[in-house]
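What follows is a single structure, written as structure tokens, with notes after it.
The values are calculated or read from the model by the stated rules, or taken from the named source; none is laboratory data. Just so it is clear, the structure is predicted and the values come from calculations on it, not from any experiment. A quick note on method: Cβ atoms are made from the backbone with ideal geometry, for glycine too, and the neighbour counts reach across all protein chains shown. These accessible areas exclude ligands, DNA and RNA; they are computed on the full protein's heavy atoms, side chains included. Shrake-Rupley method; radii C 1.70, N 1.55, O 1.52, S 1.80 Å.
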Amino acid sequence: MVAGVGTVVAGTMTGGSFELGTSPDLVMGPDGNGKYHPVVIKSIQNKRMPVKEAECGQNVTFALKKFRKNQVRKGMVIVHKSIAVAVRNFDAEVVILHHSTTIQRNYQPMIHCLGSRQVAKIRDMNRDSVLRTGDKARVGFTFMYRPEYVKEGARFVFREGKTKGMGKIVKVYAAEDEVETLFHEEEEGTDVKSEEKG
């Protein structure tokens, strides 16, 4: 909150552009319940200088009209309402950079992706085993506390203590989407082989 200005947010334009005086259907979120709220930008600054337009790649600050400070949290985004999505579950291709022992389902590292930072649980893996340093796998994550704005193709890092890993999101699930079981096909194949041996 800036005296005489109101609520001000800062971030990096990751796509598109915005010009003052236009009226795109912008929303800001997601909040703790996964909802987005209409937002109006009344002024822009780039490198502490007032500007009329913000473009992709720029670090900018936006002064918001009639948006309270307690409605804002780190990790929220301003996007066109047509692409506003609140993600609780996502799948990613990951590589384990370091872990002293093994990683299994239900492991809970801290995810750093775009502007969000939240603990997520490994709900599934595409292999019926554990992960060790140097392993690669497709892993399903579930955010523990609230939905976030993440998108397919986004890269992220995760860590917990001395554990470090990185990954790329390959699929996101909106709140109403059914989450896929990553190990389903391999489990079926294992059953067939068992029947053949019998």
Of the residues that sit in the range 159-181 and are surrounded by 18 or more Cβ atoms within 10 Å (Cβ to Cβ) and more than 23 Å from GLY32 (Cα to Cα), which one is modelled with the lowest pLDDT? THR163
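Which residues, counting only those in the range 86-104, are in contact with a Gly (Cβ under 9 Å, 6 or more places away or on another chain), surrounded by fewer than 19 Cβ atoms within 10 Å (Cβ to Cβ) and not in a strand (DSSP E or B)?
Of the residues in the range 86-104, the ones in contact with a Gly (Cβ under 9 Å, 6 or more places away or on another chain) are 86-100, 103.
After this cut, where a residue has to be surrounded by fewer than 19 Cβ atoms within 10 Å (Cβ to Cβ) as well, the list is 93, 95, 97-98, 100.
Listed by number, the list holds a single entry, SER100.
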Answer from MET76, MET49, MET110 - the residue that is under 23 Å from ASP177 (Cβ atoms) and either open to solvent by 80 Å² or more (accessible area, probe 1.4 Å) or not charged (D, E, K, R) (or both): MET76
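Could you identify the single residue in PHE156, PHE143 that is modelled with pLDDT of 95 or more, out of contact with any Cys (no Cβ under 8 Å at 6 or more places or on another chain) and open to solvent by less than 60 Å² (accessible area, probe 1.4 Å)?
On the way: PHE156 fails: out of contact with any Cys (no Cβ under 8 Å at 6 or more places or on another chain).
Being modelled with pLDDT of 95 or more, out of contact with any Cys (no Cβ under 8 Å at 6 or more places or on another chain) and open to solvent by less than 60 Å² (accessible area, probe 1.4 Å) holds for just one of PHE156, PHE143, which is PHE143.
Only one of LYS69, LYS42, LYS52 is at pLDDT below 90 and not hydroxyl-bearing (Ser, Thr, Tyr); which? Spell out the reasoning first.
Numbers: LYS42 fails: at pLDDT below 90; LYS52 fails: at pLDDT below 90.
Answer to the selection: LYS69.
So, in the range 128-140, exactly how many residues are among the charged types (D, E, K, R), loosely packed, with under 14 Cβ neighbours inside 10 Å and free of Cβ contacts under 8 Å to residues at least 60 places away in the same chain? Give the derivation first.
Kept after step one, since they are among the charged types (D, E, K, R), are these residues of the range 128-140: 128, 132, 135-136, 138.
Then drop every residue that is not loosely packed, with under 14 Cβ neighbours inside 10 Å, which leaves 128, 132, 136.
If we keep only those that are free of Cβ contacts under 8 Å to residues at least 60 places away in the same chain as well, we get 132, 136.
So the answer is 2.
Quick one: which strands (runs of 3 or more DSSP E) lie wholly within the range 15-66 and hold at least 2 residues that are under 26 Å from VAL87 (Cα atoms) and within 21 Å of the chain's Cα centre (by Cα)? First the steps, then the outcome.
Values: elements: 17-19, 26-29, 40-46, 49-51, 53-55, 59-65.
Of the strands (runs of 3 or more DSSP E) lying wholly inside the range 15-66, those with at least 2 residues that are under 26 Å from VAL87 (Cα atoms) and within 21 Å of the chain's Cα centre (by Cα) span 26-29, 59-65.
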Long-range neighbours under 6 Å by Cβ, at least six apart or interchain, first residue at pLDDT below 95 within the range 107-120, second open to solvent by less than 10 Å² (accessible area, probe 1.4 Å) and in a strand (DSSP E or B): SER116/GLU148
